[in-house]
Each structure stands twice: as structure tokens, then as C-alpha cells.
1. In the range A:81-107, how many residues are among the hydrophobic types (A, V, I, L, M, F, W, C), under 13 Å from the mean Cα position of the chain (by Cα) and buried (at least 20 other Cβ atoms within 10 Å of the Cβ)?
2. Report yes if residue A:28 is more than 11 Å from chain B (Cβ to nearest Cβ), part of a loop (DSSP other than H, G, I, E, B) and more than 23 Å from residue B:203 (Cβ to Cβ), otherwise no.
3. From the set of residues in the range A:108-142 that are more than 26 Å from residue B:91 (Cβ to Cβ) and among the aromatic types (Phe, Trp, Tyr), which is surrounded by the most Cβ atoms within 10 Å (Cβ to Cβ)?
4. Being away from every other protein chain (no Cβ under 13 Å) and either under 20 Å from residue B:153 (Cα atoms) or of a type outside the set (Val, Ile, Thr) (or both): is that true of residue A:116 here?
5. If you check residue A:62 against the conditions, is it assigned by TED's automatic domain parsing to the domain that holds residue A:30, free of Cβ contacts under 8 Å to residues at least 24 places away in the same chain and small (Gly, Ala, Ser)?
6. Would you point out the residue of the range A:143-156, among those that are farther than 12 Å from residue A:175 by Cα and either of a type in the set (D, E, K, R) or surrounded by fewer than 17 Cβ atoms within 10 Å (Cβ to Cβ) (or both), that is nearest to the chain's Cα centre (by Cα)?
7. Is it true that some residue in the range B:34-55 is modelled with pLDDT of 90 or more and assigned to a strand (DSSP E or B)?
8. Residues that are assigned to a helix (DSSP H, G or I), touching a helix residue (DSSP H, G or I) at 6+ places or on another chain (Cβ under 8 Å), farther than 23 Å from residue A:195 by Cα and not assigned by TED's automatic domain parsing to the domain that holds residue B:100: does the range B:184-203 have at least one?
There are 2 protein chains.
Amino acid sequence: MSDNNISIAVIKRLPKYHRYLRDLINNDVERISSKELSDIIGFTASQIRQDLNNFGGFGQQGYGYDVENLYGEINSILGLEKEYNIAIVGAGNLGQALANYSNFNNFGYKLRGIFEINPKLIGLKMADVEVYDVDLLEAFVDNNAIDIVFICTGAGSAQKIVDQLEHTDIKGIWNFSPVDINVSSGIEVQNVHLIDRLLTLTYFIKDK
Amino acid sequence: MSDNNISIAVIKRLPKYHRYLRDLINNDVERISSKELSDIIGFTASQIRQDLNNFGGFGQQGYGYDVENLYGEINSILGLEKEYNIAIVGAGNLGQALANYSNFNNFGYKLRGIFEINPKLIGLKMADVEVYDVDLLEAFVDNNAIDIVFICTGAGSAQKIVDQLEHTDIKGIWNFSPVDINVSSGIEVQNVHLIDRLLTLTYFIKDK
């Protein structure tokens, strides 16, 4: 399937379709119209039809969408038919929370190693996964075909970790550190700047 | 200051300006041109001038921006001259991680209480804050003038918590649960759907 020209806005909406369709399957809903889907997901019916047309449609006039089929297609478009090997760098509170977040595992993300600079944490197990010395990161990533690294370090260490990862074959970085990181190679980066999101929320409530 | 007509896109960029300006202050930088700011923050110089013009400019021709002054203005626009009282609902891994995330405290967000349904956790302290029975949430929120609630529960409980909060005077909800929540009153909601972000990242790496 060719999906080279899909806008980023559409791609960002796909996980939401994926989530709602999974709920529909869990509730034994077999088919749904774009209007009904619109009522629960909050996008307009015309937006839904437009979005899904990017991937060849899947809907049938007068029938709507076959929920399981549409879910399968979006699952495949998102690349979720494969498993992905994960490493977490930073075994502090957030790293531990992500390690224990069982949802990732359900989606096919397999946590293989946790890396830490603090000697008190090295050698422990979190979510049944060992905490290793961060000096071992590069070799581990290549030996274990790690696809995605979650960076859960403080501001001071994040870029150093990225610089190490540039020498490896990882494909993506999920950056939870409170700084922006610079990546020169083809590694994809998604940032979750928690404080930024909280400040935006604060803007909207400040005068209430 | 009137900022009623500022686009959401600008407001979402403000925390990033705030973050970079704080770093500049910490590095003793006193003034900066839009070109120099562009080089470090990654927005174009013209976008920066346009963004900051929404708030009356602050820059002077041939001088650039006074860093501390600009930081103070953005700090004030974001509403960060006040303190905000916070409660967390859900004392699992993510709730604990957020409770222990000291950055929030530095920005003036004061964690007052943590709420949980699991009797094993009720009565414990996390980050020096007590974990209470979730049945006490409504009364606590009003008695302690809680401004923002972080929802860190599973999918099944999130909407029930929101329904309770609708009867209180809270101003904002930061929703980390993996479902969308429905709010009928004037409560502002920011969602952090972690899995959605990871799926988007996966889309971009799936064929690498």
C-alpha cells in the first residue's frame, strides 16, 4: 500500500481511530457508519471519510465500515503487525512508570533493557527487566536489535545519550526529557514535553 | 493585557519560548535577536517576531529582546506568577512518577493530595503527600481550592472521576488515562495519550 503522501495531521489521528475501533470490537460492534463513528470519536463524518480515503477507503456505500476489517487495516498502516524491541534510558520515576506500563507490551512493544547511570539502581529488575550500566547501551542496542529507545533522563544527560545512539541502528527515540534533542541521522523523534503541556493548560485556566 | 484572540498554535509554542528563555537566563545571556533565538529554538525569525507581536512585541529595533524581560512577560502570559494547587487521582506507576516529578513544584504547582481506590495504597505517603481514599476527592478538592487534577487512572475509572469533578470548582484536568473524557462544564482538559504518541512514532519507523 502506498502511503507516502499522507499528511502528518492524518497520521496523528490514526492512533485515535485505532483506539476507538478496538473499543468497538471489544463491544462486539461489527459495522459502523461514518456518522456513527463521528458521534463517538468527535471528528466530522466528512473528515472521517476523507481520512480513511487516504488508505483506499474501506467503507461500502449503504453499509458503512466493517469494524474488524478497518481496525486491521489501520493496525497494519501503523506498523503494528510487527513487534518492536524497546530500551529505556533512565530508571527514575518516569522510566520505572513506563517500564511498568503494561499497555506497551499488549501492543507488541517488548522491553529488553533499562539503562541507568546511578550505581544503586544498576543490577535491579524492574518489570522483570534488568537495569544495566548506561555504558553498555550502545553494544546492547545493536546486539538486541533495539528499535526504539525511550529517553527518561534529566535535561543534562539526554543529548549525550542521543549522541551515543547515533552510532547504532535504532529507528526511533521517544524523548521524555525536558529538553529538545538534536538528531543528525535518520532516527525519528517524538517528544513528550510534559511541562510544556501543563503550561499550555495553565494558560487556559489562569483567569478562571 | 488583552490576549483573547491569540491562536492556539501560538499558545502551544509559548512553553517552548519559556523553556529556552529560562536556559538563556541560566547561561547569563542578557539580550538576543530574533535571528539568534531562531537558531536555537528552531522557529523562523519571522515566526518568532510574529508570535511575540501578539503580546505587544517586547523587542527593540537594533537591540533584540531583553531576555529577562521577555521571559517575565511570557511567564506572566502563561499565568505562572500564581501558584496552583494540584491533586493526582491514581497512585499507580504513572501517578507516583508525576508526584515525584520535582519540576512541577519548581514551576509553582503544589501537590496537595493523591487519591486512590486501592486500599493497600491509601494512607501511604508519596513525595511527602498523603494518599487518600478516592471517595474523599470531591470534598478535598473544594476544601483545598484544588485548581488542576491529574487523572492517572486506568480506562475504566477516568470518566467516573471526571463526573465527580464536575460538581467541584476545579479549573483544569490533565488526563493521562488512555481514554478520552467528556466534560460538560467549563473545565479545561489537556490529554496526554501516551500510546497514541508511540503509535505515531511507530508509523514513521515501520519500514526502516
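The values are calculated or read from the model by the stated rules, or taken from the named source; none is laboratory data. Just so you know, these numbers come straight off a predicted model, no measurement behind them. Don't worry about glycine lacking a Cβ; one is built from the backbone with ideal geometry, like all the others, and counts go over all protein chains shown.
1. Total satisfying the criteria: 3.
2. In short, yes.
3. The residue in question is A:115.
4. Judged against the criteria, residue A:116 is a match.
5. Judged against the criteria, residue A:62 is a match.
6. Restricting to residues being farther than 12 Å from residue A:175 by Cα and either of a type in the set (D, E, K, R) or surrounded by fewer than 17 Cβ atoms within 10 Å (Cβ to Cβ) (or both), the top hit is A:147.
7. no
8. Yes, the conditions are met somewhere in the range B:184-203.
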